[in-house]
Amino acid sequence: MKQAVIFDFDYTLGDSAKGIIASINFALEKMNLETAPKERIIKTIGLSLEESYQALTGRTDSREKENFKAYFREKADEVMVVNTRVYDGVKELLTWLHEKGKKTAIVTTKYHYRIQQILAANQMEHLIDAVIGGEDVKKPKPDPEGIRKIKDQFGISLEEILYVGDSLVDAKAAQSAGVDFAAVLTGTTDAKEFQNYPHCRILERVSELGSQKGLI
């Protein structure tokens with residue numbers, strides 16, 4: 001049985017797309033670059049900010065990427081929390097996991113403090129035992145560093161961890177870390193794409209996790 005569940009955030013536990021779109025286009029405008037359409041930005045959600053910038057602009061200059069991150073953060077500090085919606089059933093799922101004595105964590109490319117702000121705004125900070133944000137690792141997902149940091153922090157084995165996410169980045173991170181993976185279909189990746197990666201469940205939404213007998 002699993003002793004800990006690690007979650008991705010964006011499109012897994014909640015939807016921050018509105019804030020992300022506003023922050024990315026603010027940053028692009030500040031850099032005198034063409035703004036990106038909503039559909040293109042949504043496809044980058046879950047990537048690091050550096051990767052998003054390169055994907056949207058085709059530009060690779062490291063100084064530009066740092067400027068992009070700074071402008072993104074400036075706008076995100078203003079709009080992100082208020083424009084983030086935690087999915088229905090998430091708070092109940094996390095409460096259920098804690099009542100079962102399970103540890104919970106979030107590994108995300110979002111800033112650590114942003115996740116803490118979102119949890120606090122939704123009265124959920126007591127339901128997440130650990131957070132690894134984008135600034136807490138040297139390499140973002142799909143590198144397994146974040147998952148392994150949680151393993152060490154909790155003092156458990158990889159076999160005792162379930163990782164839950166919505167993207168192929170998450171599937172690859174779980175595979176690289178050597179932990180079981182449950183996919184959710186609330187992002188932009190469909191069930192067929194997940195079939196190419198190791199997984200123990202494919203769920204319509206994360207709230208279904210509590211009904212998966214024998215998994216947790």
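Details
- Residue within segment 68-88 that is hydrophobic (A, V, I, L, M, F, W, C), assigned to a helix (DSSP H, G or I) and under 19 Å from residue 209 (Cβ atoms) present: no
- Meets criteria (touching a helix residue (DSSP H, G or I) at 6+ places or on another chain (Cβ under 8 Å), in contact (Cβ under 8 Å) with a residue 24 or more places away in the chain and of a type in the set (Val, Ile, Thr)) for residue 137: no
- Qualifying positions in segment 61-89 - of a type in the set (Ser, Thr, Tyr) and in contact with a helix residue (DSSP H, G or I) (Cβ under 6 Å, 6 or more places away or on another chain): 71, 84
- Residues in segment 137-163 that are charged (D, E, K, R) and surrounded by 15 or more Cβ atoms within 10 Å (Cβ to Cβ): 141, 143, 145, 148, 149, 151, 160.
- Residue within segment 204-211 that is modelled with pLDDT under 95 and of a type in the set (Gly, Ala, Ser) present: yes
- Of all residues in segment 51-71 being acidic (Asp, Glu) and without any contact (Cβ under 8 Å) to a residue 40 or more places away in the chain, the one that is nearest to residue 133 (Cα to Cα): 66
- Within segment 181-198, being surrounded by 20 or more Cβ atoms within 10 Å (Cβ to Cβ) and either outside the structural domain of residue 106 (by TED's automatic domain parsing) or not polar (S, T, N, Q) (or both) holds for 181, 182, 183, 184, 187, 194.
- Pair list, Cβ under 9 Å, 6 or more apart: segment 12-35 residue closer than 27 Å to residue 183 by Cβ, other residue assigned to a strand (DSSP E or B) and of a type in the set (Phe, Trp, Tyr): 13/7
- Highlighted here are the helices (runs of 4 or more DSSP H) found entirely within segment 139-216 that include at least 2 residues which are aliphatic (A, V, I, L, M): 145-154, 168-177.
- Candidates 95, 35, 44, filtered to the one that is buried (at least 19 other Cβ atoms within 10 Å of the Cβ), hydroxyl-bearing (Ser, Thr, Tyr) and either more than 28 Å from residue 172 (Cβ to Cβ) or at pLDDT 95 or above (or both): 44
- Taken residue by residue, segment 98-111 has at least one member that is among the aromatic types (Phe, Trp, Tyr), out of contact with any Ser or Thr (no Cβ under 8 Å at 6 or more places or on another chain) and over 14 Å from residue 13 (Cβ atoms).
- Segment 5-38, subset among the β-branched types (Val, Ile, Thr) and within 21 Å of residue 166 (Cβ to Cβ), residue nearest to the chain's Cα centre (by Cα): 12
- Some residue of segment 112-128 being surrounded by fewer than 20 Cβ atoms within 10 Å (Cβ to Cβ), touching a Lys or Arg at 6+ places or on another chain (Cβ under 9 Å) and farther than 15 Å from residue 9 by Cβ: yes
- Here residue 134 passes the criteria (1) small (Gly, Ala, Ser); (2) closer than 14 Å to residue 6 by Cβ; (3) modelled with pLDDT under 95 except the one numbered (2).
- Within segment 110-126, residues that are part of a loop (DSSP other than H, G, I, E, B) reach partners that are aromatic (Phe, Trp, Tyr) and modelled with pLDDT of 95 or more with beta carbons closer than 9 Å, at six or more positions or on different chains, in the pairs 110/9.
The values are calculated or read from the model by the stated rules, or taken from the named source; none is laboratory data. Since we're looking at a predicted model, the values are computed, not measured. Glycine gets a Cβ as well: all are built from the backbone with ideal geometry, and neighbour counts include every protein chain shown.
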